[in-house]
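Novice: I am attaching a structure below and will ask some questions about it afterwards.
Throughout, read-outs are computed from the coordinates displayed, never taken from laboratory work. These figures come from a predicted structure and were not determined experimentally. Quick reminder, even Gly has a Cβ in these numbers, built from the backbone with ideal geometry, and neighbours come from all protein chains shown.
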Protein chains: 4
Amino acid sequence: MKLSKEQIEEIKDLQSQSYKTKRVIAPELEEVLYEAIPILDHGFIRVIDYMGNDNSIVQAARVSYGKGTKKVNTDSGLIKYLMRHWHSTPFEMCEIKYHIKLPIFIARQWIRHRTANVNEYSARYSILDKEFYLPNKENLAAQSKNNRQGRGDVISGTQAQEVLNLLKNDAERTYNNYEEMLNERYDGSIIDENKTGLARELARMNLTLNTYTQWYWKTDLLNLMNFLRLRADHHAQYEIRAYADAMLNTLKKWVPITYDAFMDYRVGGTEVSSKGKEVIKKLIKGENISIDETDLSKREWNELMQAFNLQDKLI
Amino acid sequence: MKLSKEQIEEIKDLQSQSYKTKRVIAPELEEVLYEAIPILDHGFIRVIDYMGNDNSIVQAARVSYGKGTKKVNTDSGLIKYLMRHWHSTPFEMCEIKYHIKLPIFIARQWIRHRTANVNEYSARYSILDKEFYLPNKENLAAQSKNNRQGRGDVISGTQAQEVLNLLKNDAERTYNNYEEMLNERYDGSIIDENKTGLARELARMNLTLNTYTQWYWKTDLLNLMNFLRLRADHHAQYEIRAYADAMLNTLKKWVPITYDAFMDYRVGGTEVSSKGKEVIKKLIKGENISIDETDLSKREWNELMQAFNLQDKLI
Amino acid sequence: MKLSKEQIEEIKDLQSQSYKTKRVIAPELEEVLYEAIPILDHGFIRVIDYMGNDNSIVQAARVSYGKGTKKVNTDSGLIKYLMRHWHSTPFEMCEIKYHIKLPIFIARQWIRHRTANVNEYSARYSILDKEFYLPNKENLAAQSKNNRQGRGDVISGTQAQEVLNLLKNDAERTYNNYEEMLNERYDGSIIDENKTGLARELARMNLTLNTYTQWYWKTDLLNLMNFLRLRADHHAQYEIRAYADAMLNTLKKWVPITYDAFMDYRVGGTEVSSKGKEVIKKLIKGENISIDETDLSKREWNELMQAFNLQDKLI
Amino acid sequence: MKLSKEQIEEIKDLQSQSYKTKRVIAPELEEVLYEAIPILDHGFIRVIDYMGNDNSIVQAARVSYGKGTKKVNTDSGLIKYLMRHWHSTPFEMCEIKYHIKLPIFIARQWIRHRTANVNEYSARYSILDKEFYLPNKENLAAQSKNNRQGRGDVISGTQAQEVLNLLKNDAERTYNNYEEMLNERYDGSIIDENKTGLARELARMNLTLNTYTQWYWKTDLLNLMNFLRLRADHHAQYEIRAYADAMLNTLKKWVPITYDAFMDYRVGGTEVSSKGKEVIKKLIKGENISIDETDLSKREWNELMQAFNLQDKLI
């Protein structure tokens, strides 16, 4: 991640500002406010603003006139109860806003989470930065053989280098031709004074999907957790998981009690189907049970066994 | 509006707190934070929290690293432009949270605005306050003769007093019987030690729709304006307009530049249909035009003439 | 439930219509289209329209040009997979619309599900029907002693009769006074020709919360299941569960494969927290474990034991 | 637009199906159901399913038991009234589902309309078609000089040809390298039996933004009109307007009365600000007024004059 001098100045400027407020604050999150946390090769997340803290959840659940809290113990118990029983509305009472730089193909996954507010850098209006995502060699995974939507082993040796060369060369060539069509370099210099450039809204179509874009993204705490639950999961594509992992850290700084409940009930938890429960009940009773005695598919059986670390029962 | 001693203490306590923050603030809104602003006879609104200010809109529109602003003039011009051209996403970047006490029949109108977060005081869990809305005499309007959804002249004299008596007596009687069924008074005292009370989730059904409820209500700036545009309008029912008017004041304290643009383009503005434009064009040319030469209904014609103060052309 | 002659005619009229369509249909749901299915004493649900069937989910998941299906087996496997892994967007591709008559206090719970479209009968514009919900004696539950949000034993004998009398009398009296203030009976007859009635939007505030209202309610299949999961659950208030149960039946007629997956993974399934998993793992290994060796609260422990039918371990 | 033999068969198959239904239908829309309507060089829209018609709006607005209509005149009047006064919920009672093929850079604009359901063809799972958008020469516009977000004159001659060559060559080269990295051609043939291909979720990042994708897109009538209002407008980028225009045609076939009201009040209408109204009032009175006597910016003044065809007053 490379910030321009001017950008670094702007960020420092924001970080040095200090106002008095009667609003509640999240002290640990204040510490990292505005900071550009690097993700992948050129991306970042920055927490720009937030509203509320763990206390706001308690206050809303109780619809109280004051702080709505007695002591930490009670608050923690209430937050865990709300999480466990899907009483989700109090978690909507907190809000967070990020500035994020990310490759376009990841932005396209991300935007499918609709309950958020987004302002993206406009390539109709401005020229995009000359930055594209190139994976590290250890993330250059082959197509999985048995999961059409997954990754297999890492590609290595010459083939890895070839892939990286293709990605790099194609991104550079298409970007150069983007500038050519615009008749303008990314730094604003005109290429040929006798030509007029193609409309930006058209020229951008020549860019590859690993080009970086950026946006302001704002969501409430409930929807942030919905996002993280899916995107910090091991089924998620590595590149979006890198963002989700960094956001989990900001979640911890912002609402530590909620974070603990979220890790326990959502991230670390599992769901057991009605049929799966019958299997677990028998296992607890010490009965031997094989998949043939159940209505589970092979895939379901394995998912269930893995959830409870029963590696020896995988088929 | 009557707050208990304890509630007054809790509010004072919040108002006296002062934290340092790196976040942007809205100085005028800070002044009224937590304050209970009285509405109707027992209702109120209180601003509990907010995120962002006028500057945040500019910052998001530009997806900037820093404050995203040059000078007040430019910001104001950009905000007006965004408002005029329905570029609505930057306005979603600010958020506000209210604590509101309001009669149930108004809460039922209010909740139709779905793009907001709500936590309502639970009458399954707690006993509702003994407070009901009784209109002032000057708001005791008759059913309109020509608008099935509107109010006509004010009812006066004996009939007005009769109406108020009915409302008062019925609300009190049903509330007393609510307590009777609960076997518990609103202050928590048990009525008959030998009885068990009816479940709260059932007993509440005996209350009248003018009973007050309360909730935490949070929304973004765009949806707040959508709400205010409809509910501060003269077509809105007086009782919800009373809330909307007080909220317009908080809007002004929060985002003064946006407030001005909103008043100019939305609240004070008008929409002219394609057919209506033809009429206005002819009027500008000095042509005489009657409704028969148009495709407008009588109602449309009158709405158009009123929008441009052409009282003499009403039919 | 009592329908007027005219209403019965209108419904029959709709049921007898038959059109040709190229759209997919749900044959079993067609059978009950428009029919008023009675709920509680005066309520009903009616399926008015629907879009899509099980096949549409498969088609959307595959983004196919044609029917998007090979054979029932494959479709069923795909739908189960989507349900299990929270791939929720294909379920949003089906839509259903109900006409529902329900008591206002239930409507207020219902409306908290925001991702739906609603048109409610307007009491600003029209006079509400003279119908109020009175519970059956077997549903007249006392307040629970140990769960502030729940019901305990059924109230019986004289006290039950007293409660029903209070509910009935208060609802009738407030309705009569509603008519009095309107100066108009629910059948449209004027009470006193020399008086003008109070505006409808005001008079309605005198009605009790068990008065019936009605609305058109439309939602997609995913959000219908979210609604049913919470409202057909035993934690839900009996009165809303009565509606949810009837709607589960229509779900089964509409999308039978999805219904099966929903019952297995959501309704009959359970969630196990990270800490809960540790407990289950030990139980499967045959280890004896007590709550003291865990971080679970008493409540969590009991919920876990109940989920797996370990009644002897309840504490 | 080029469909495969198999796709043509599948579409024909769907078009030949005929079911009986008790649901309301939209006869003209049935005519074009499933048909692939070509847009741009390789794109299309297909109406896959719909729910409701003009009548459903009337029915919902009246919360009626039957068809909710008397005669066409009354219905039309009601629909126009609802549209004029932003009574938007009855329009949410109709739903439509499209299958759409479109370039990725357009899909990225489109998806910003969040109140819709989407299932996109997965490039994590499958290989994208070898199809990219190349503009017609008459759409090869230069960047506008005075509007940073707009198009200016058409680029012509050699420069036009150069642009098209760059676009074509870059798209083809990056697609070929995409296949190379996948070690698989778009027809499924393996390139080198001794290599394993890069994961699809990674390889796709090499594609350019004019590559075509496809999705199922479903929305209600209100949100469809919100989409069309912005995207069929002359401020919208030509490429998305091409889709919006074709969708306007399907709107007309589906709900002809609503379509008329939409064209009159939204598409052909204009908004006049509070300050703008003062100007129009003076012009109607025959007064001469210049921009200096107003608070309008130059841009606002010109927008107002253009809305009422006062070309001679442009400055």
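Novice: Kindly state, to the nearest 0.05, the FRET efficiency for residue A:187 paired with residue D:138, given R0 = 30 Å and r defined as their beta-carbon distance.
Specialist: Values: r = 32 Å, r/R0 = 1.06.
My answer for the efficiency is 0.40.
Novice: R0 = 60 Å: FRET efficiency of residue B:252 with residue D:196, Cβ-based, nearest 0.05? Write down the numbers at each step before the final one.
Specialist: Working: r = 64 Å, r/R0 = 1.06.
Efficiency for this residue pair is about 0.40.
Novice: Can you list the distances in nanometres, one decimal and ascending, from the residue D:12 label point to the identical position in each other copy, with the point 7 Å along Cα to Cβ?
Specialist: 4.6, 7.2, 8.5
Novice: Among D:191, D:157, D:147, whose Cα sits farthest toward the positive end of the charge dipole of the range D:137-206 (+1 at Cβ of Lys/Arg, -1 at Cβ of Asp/Glu, about the Cα centre)?
Specialist: So the residue furthest toward the plus end is D:147.
Novice: Would you mind giving the mean number of other chain beta-carbons within 10 Å of the Cβ of each residue in D:104-112, as a whole number? All intermediate terms of the calculation are to be shown ahead of the outcome.
Specialist: Numbers: counts 5, 9, 1, 2, 8, 3, 0, 6, 5.
Mean shielding count: 4.
Novice: Given a cut-off of 64 Å, what percent of all Cα-Cα pairs of the protein assembly as shown lie beyond it? Can you show the working numbers first?
Specialist: Values: 69283 of 793170 pairs.
Of all Cα-Cα pairs in the protein assembly as shown, 9 percent lie more than 64 Å apart.
Novice: Please identify every one of the GluC sites (Glu not before Pro) in the range D:246-315 that sits in a loop by DSSP and has no more than 15 other beta carbons within 10 Å of its own beta carbon. Spell out each step's value before the answer.
Specialist: Working: sites: D:271, D:278, D:287, D:293, D:300, D:303; in loops: D:287.
Listed in order of number, the matching sites are D:287.
Novice: Sticking with the crude label model, points 7 Å out along Cα→Cβ, report the distance from residue B:160 to residue C:126 in nm, one decimal please.
Specialist: Modelled inter-label distance: 3.2 nm.
Novice: Expressed in whole Å with the largest first, what are the equivalent ellipsoid semi-axes of the range C:60-143 derived from the C-alpha gyration tensor as the square root of 5 times each eigenvalue? Intermediate values should be presented prior to the final figure.
Specialist: Working: eigenvalues 322, 74, 29 Å².
Gyration-tensor ellipsoid for the range C:60-143: 40, 19, 12 Å.
Novice: Let me ask something else. How long are the semi-axes of the equivalent ellipsoid of chain B, defined as square roots of 5 times the Cα gyration tensor eigenvalues? Whole Å, largest first. If you can, show how the numbers build up before the last one.
Specialist: Working: eigenvalues 337, 207, 43 Å².
Its equivalent ellipsoid spans semi-axes of 41, 32, 15 Å.
Novice: Taking the Cα centre of the range D:137-206 as origin, sum charge times position over the Cβ atoms of Lys and Arg (+1) and Asp and Glu (-1), and report the length of that vector in debye to the nearest 20.
Specialist: On the way: 10 positive and 12 negative charges, 101 e Å.
Approximately 480 debye in magnitude.
Novice: Once you wrap a convex hull around the alpha carbon atoms of the range A:144-296, what is its projected area averaged over all directions, in nm²?
Specialist: Details: hull surface 65.2 nm².
Mean projected area of the Cα convex hull: 16.3 nm².
Novice: Further question: Taking θ = phi - 60°, what integer Hz values does the Karplus form 6.51 cos²θ - 1.76 cosθ + 1.60 yield along the range C:292-302, in sequence order, with x for Gly and Pro?
Specialist: Couplings: 5, 8, 10, 9, 7, 6, 4, 4, 4, 4, 5 Hz.
Novice: Let me ask something else about it. Each label point is 7 Å from the Cα along the Cα-to-Cβ direction; what then is the distance between the points at residue D:292 and residue B:19, in nm?
Specialist: For the pair residue D:292/residue B:19, the computed spacing is 5.4 nm.
Novice: Run the simple label-point estimate for residue C:1 and residue B:115 please: 7 Å along Cα→C-beta, distance reported in nm.
Specialist: Reported label-point gap for residue C:1 and residue B:115 is 3.5 nm.
Novice: Run through the other copies and list how far each one's label point is from that of residue B:256, in nm with one decimal, shortest first; the point sits 7 Å from Cα along Cα-Cβ.
Specialist: Sorted ascending, the copy-to-copy spacings read 4.0, 5.6, 6.8 nm.
Novice: Hey, another quick one. Please sort by residue number the GluC sites (Glu not before Pro) in the range D:113-213 whose DSSP state is loop and whose Cβ has at most 15 other Cβ atoms within 10 Å.
Specialist: Answer by residue number: D:193.
Novice: Moving on to the next point. Using the crude model of +1 on Lys and Arg Cβ and -1 on Asp and Glu Cβ, and no other charge, please compute the dipole size for chain C relative to its Cα centre, in debye to 20. Provide the component values of the computation, followed by the final result.
Specialist: Numbers: 45 positive and 44 negative charges, 234 e Å.
Charge dipole of chain C: 1120 debye, to the nearest 20.
Novice: Something else now. Which value, in nm² and rounded to one decimal, describes the direction-averaged projected area of the C-alpha convex hull of the range A:137-206? Could the numbers behind the result be given before it?
Specialist: Numbers: hull surface 27.1 nm².
With the hull built on Cα positions only, its mean projection is 6.8 nm².
Novice: Taking loop as defined by DSSP and a crowding limit of 10 other beta carbons within 10 Å, which trypsin sites (Lys or Arg not before Pro) in the range D:112-159 fit?
Specialist: Working: sites: D:112, D:114, D:124, D:130, D:137, D:145, D:148, D:151; in loops: D:112, D:114, D:124, D:130, D:145, D:148.
Those that pass, being in a loop and sparsely packed, are D:145.
Novice: Further question on the same structure: How would you rank B:18, B:156, going from fewest to most other Cβ atoms within 10 Å of each one's own Cβ? Please report the intermediate quantities before stating the final value.
Specialist: Working: B:18 9, B:156 12.
Ordered from fewest to most neighbouring Cβ atoms within 10 Å, B:18, B:156 come out as B:18, B:156.
Novice: Another question, then. Please express the shape of the range D:274-313 as an equivalent ellipsoid: the semi-axes are the square roots of 5 times the eigenvalues of the C-alpha gyration tensor, given largest first in whole angstrom. It would help to have the intermediate numbers written out before the result.
Specialist: Details: eigenvalues 36, 30, 17 Å².
That gives 13, 12, 9 Å for the three semi-axes.
Novice: A further question on this structure: Please state the relative contact order of chain A as a whole percent: Cα pairs under 8 Å, 6+ residues apart?
Specialist: Values: 395 pairs, mean separation 66.1, N = 315.
Relative contact order, chain A: 21 percent.
Novice: In addition: Find the lysine pairs in the range D:14-125 meeting two conditions, Cα atoms under 21 Å apart and a separation of 8 or more places or different chains, and report how many there are.
Specialist: 9
Novice: Follow-up question, since we're still on this one. If R₀ is 30 angstrom, what is the calculated FRET efficiency for the pair residue A:85 and residue A:309, using the beta carbon separation as r and rounding to 0.05?
Specialist: It comes out at approximately 0.70.
Novice: To the nearest 20 Debye, how big is the dipole of the range D:274-313 about its Cα centre, given +1 on the beta carbon of each Lys and Arg and -1 on that of each Asp and Glu?
Specialist: On the way: 8 positive and 8 negative charges, 27 e Å.
Taking the Cα centre of the range D:274-313 as origin, the dipole is about 140 debye.
Novice: For residue D:289, go 7 angstrom from Cα along the Cα-to-Cβ vector, then report the distances to that same point in the other copies in nm, smallest first.
Specialist: Counterpart label points of residue D:289 in the remaining copies fall at 1.7, 7.7, 7.9 nm.
Novice: A follow-up question, please. For the rotation bringing C onto B, which C residue has its Cβ nearest the axis, and at how many Å?
Specialist: Checking which Cβ lies nearest the axis yields C:114, 2.
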